[in-house]
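Everything on this sheet refers to the single structure shown next.
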Amino acid sequence: MSVDWAVLYRSCFADLVRFLYRKVWDAERAQDLAQEAFVRVLSSPTTEPESPRAWLFTVAANLARDEARAGIRRRRHLTLLKSEAAVHPPSTPDPARELEEKERREALKEALAALGDRDREALLLWDAGLDYDEIARQTGLALGSVGTTLARARRRLVEAHAALEAKHAAHR
């Protein structure tokens, strides 16, 4: 059976971007990586995968890992950009709202970072809309343990977030 890549693109691009955003924490970069994942999948000489969606997310996860490895080089460039931004500060429509949103993103980022790799990966894949079978294939988990892993990962995420909130509240 042939894969209709246009349908797959329309049905999962937003999920793929959300998945990648939670790995790279940059919305524009997440969109770029999602597009790159489709380009790589479509230009791959391999035979058609059993689960095209899971394969696409695997390619995307690999691109995100490569992105993390390149982070050190980008940090040097960000230092230059920050010094330029100090000279030309951007206008902000609602600083309080932006600060609140930034704090929420940072809290989620910290809580996700507190999880183990397997828990974080399973949660991000589930949040991106992959079903248990696709999560099992991508993570190497047994299909029967995906639900348990997700339940435990959700609990650990809530606990990590609560602990961070308590820590931040104590420092205020």
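Observations on the structure shown:
- Pair list, Cβ under 6 Å, 6 or more apart: the range 139-167 residue farther than 30 Å from S51 by Cβ, other residue assigned to a helix (DSSP H, G or I) and charged (D, E, K, R): L164/E110
- Residue that is farthest from I135 (Cα to Cα) [pool: residues in the range 1-44 that are under 10 Å from the mean Cα position of the chain (by Cα) and of a type in the set (F, W, Y)]: W25
- Only one entry of A166, A111, A153 meets the criterion of being surrounded by fewer than 19 Cβ atoms within 10 Å (Cβ to Cβ) and of a type in the set (A, V, I, L, M, F, W, C), and that entry is A166.
- Residues satisfying the stated conditions in the range 117-148, i.e. among the β-branched types (V, I, T) and under 19 Å from F57 (Cα atoms): I135, T139, V146
- Residue in the range 104-127 that is in a loop (DSSP other than H, G, I, E, B) and not aromatic (F, W, Y) present: yes
Computed from the coordinates by the stated procedures, all read-outs in this text should not be read as laboratory data. Note that the coordinates shown come from a computational prediction; the quantities given were computed from them, not determined experimentally. Glycine also receives a Cβ, built like all others from the backbone with ideal geometry; neighbour counts cover every protein chain displayed.
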